[in-house]
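Reviewing the structure listed below.
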Amino acid sequence: MDKKEFKGIIEALLFVSGDPVSIRDLAGALEIEQKEVMEIIREMKDQYNFERRGIQIIEVDGHFQLATRPEHFEFIQRLYSPQRKQGLSQAALETLAIIAYKQPITRAEIDTIRGVQSDKALYTLSERKLIQEVDRLDTVGRPILYGTTIEFLRYFGFKSIDDLPQLLEEQITYLDENTR
Amino acid sequence: MTYRVKLEVFEGPFDLLFHLIEKNEVDIYDIPIAEITAQYLQYLEDMRYFDIEVASEFLVMAATLIQIKSRMLLPQQEEDGTEEDIDPRQQLVERLIEYRKYKGITEELKKREDKYQLLLFREPSPVESYVDYEPILINIDISDLCKAFDSVMKRYSSLYNEDTGLERSIRRESITVVDKIKYITNRLRYEKEVLFQSLFGDGETRESIVVTFLAMLELIRLKRIMVEQRNTFGDIIIRNRKTKAGDK
């Protein structure tokens, strides 16, 4: 099979799946090395971009998925008038930011950082599959430990969790200043 | 008569405190606590005026601020005579700074949300109706499983004839189905096929046997394993079930 054939197959697989497909599954279906799949997908991405195609391949945590382009949203809207999904509330975003950086984390820890209760925000985030229960803490009450999902990465356009912007760390902390 | 309501909504006491610090352009490491406390309390007053319910967290923070303010007025004297040089504001500032870290990220997430909402995706094609998946139970039905379970229980009771009568103690659940699911999936990771009998060791308690069995049923329900009996009355074999891409 030549490369062109592989490209066609990958396109078909991504089209049928709809959901993100892992590089491992793609390599398994094509019976070639993952490295080779990566290479082919990279070429496909370039090609799609160069030809300004209506679809693009996005990467989320080692998974690939077909998506439309943001600049075409306007036209899609004219045809279908899709309702733009309600964005997340400030409380939900704040809670999500904390989980993203401090995962796995319990509700109590989130509440401490935010200074308010977060159960409603946590419920919304779970509903929208942006967070999940990753484990339970081995302590009284076995509280749930929350973490982010692949959907979280996709939702915000991150390739992987390492893609998150750096926290602005204060170099000189209050403590340092005091002990000086 | 028109009311002009101009009251910002804050996510919590930290959010409000931040707003005040920024509005007053003061150094977060050197908060003029009296001034900020006064403004903070004024805000709570305003909220009450507009009939907005003040969440208890805001009140707790108000109390904290007042406490810090009073401690700053008094010279701190430790019992052993040395002067305490810890700033009463320290803990509050540390928490504010921690909160600020995530507040910045929240704004970044908001921007990205707006951008990536414009991408649309396909629903998965309903391939299920065209593709045959591997069956879950091969040459076996639930009564075979029950029989197999019975025989394990029999082996157990012949080993430990503990059913002596009235005396019974209820022990705390120590093994969970989740543990046993992990155990079974772990074994399937390294062994292609696992014999049903081999899931139960000789030293197992009745509870452990029951839980293992439940774990196996759960894995069947989740369609993660398949159970096969190659010949009548033969051994029951458990295997991983091949699933469609993306299934976990």
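Residues that are within 21 Å of A:THR68 (Cα to Cα) and acidic (Asp, Glu) within region A:133-169 comprise just one, A:GLU151. Just to be sure before I move on: is B:LYS223 at positive phi and either touching a residue at least 60 places away in the same chain (Cβ under 8 Å) or surrounded by fewer than 19 Cβ atoms within 10 Å (Cβ to Cβ) (or both) in the structure I sent? For B:LYS223, the condition - at positive phi and either touching a residue at least 60 places away in the same chain (Cβ under 8 Å) or surrounded by fewer than 19 Cβ atoms within 10 Å (Cβ to Cβ) (or both) - is met. Taking region A:21-53 as the region of interest, how many residues are touching a Lys or Arg at 6+ places or on another chain (Cβ under 7 Å) and closer than 24 Å to B:GLN117 by Cα? Looking only at that region, the number is 1. Criterion first (more than 10 Å from every other protein chain (Cβ to nearest Cβ) and touching a Gly at 6+ places or on another chain (Cβ under 6 Å)) does A:ILE23 satisfy it? Yes; evaluated as a whole, the condition is true for this residue.
Residue check: A:ASP19 meets all listed conditions (1) surrounded by 13 or more Cβ atoms within 10 Å (Cβ to Cβ); (2) part of a helix (DSSP H, G or I); (3) charged (D, E, K, R) but one, namely (2). Scan region A:138-149 and tell me whether some residue there is in contact with a strand residue (DSSP E or B) (Cβ under 6 Å, 6 or more places away or on another chain), surrounded by 15 or more Cβ atoms within 10 Å (Cβ to Cβ), of a type in the set (Ser, Thr, Tyr) and assigned to a loop (DSSP other than H, G, I, E, B). Checking region A:138-149: at least one residue is in contact with a strand residue (DSSP E or B) (Cβ under 6 Å, 6 or more places away or on another chain), surrounded by 15 or more Cβ atoms within 10 Å (Cβ to Cβ), of a type in the set (Ser, Thr, Tyr) and assigned to a loop (DSSP other than H, G, I, E, B).
This table checks each residue for (1) loosely packed, with under 15 Cβ neighbours inside 10 Å; (2) β-branched (Val, Ile, Thr); (3) farther than 16 Å from B:LEU92 by Cβ.
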{"position": "B:THR37", "(1), (2), (3)": "no, yes, no"}
{"position": "B:TYR40", "(1), (2), (3)": "no, no, no"}
{"position": "B:VAL54", "(1), (2), (3)": "yes, yes, yes"}
{"position": "B:LEU74", "(1), (2), (3)": "yes, no, yes"}
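Within region A:68-93, restricting attention to residues that are surrounded by 19 or more Cβ atoms within 10 Å (Cβ to Cβ) and at the interface with another protein chain (Cβ under 9 Å from one of its Cβ atoms), the residue that is farthest from B:LYS110 (Cα to Cα) is A:ALA91.
A short reminder: the numbers here are calculations on the coordinates, not readings from a lab. Not measured: the values here are computed from a predicted model. Glycine also receives a Cβ, built like all others from the backbone with ideal geometry; neighbour counts cover every protein chain displayed.
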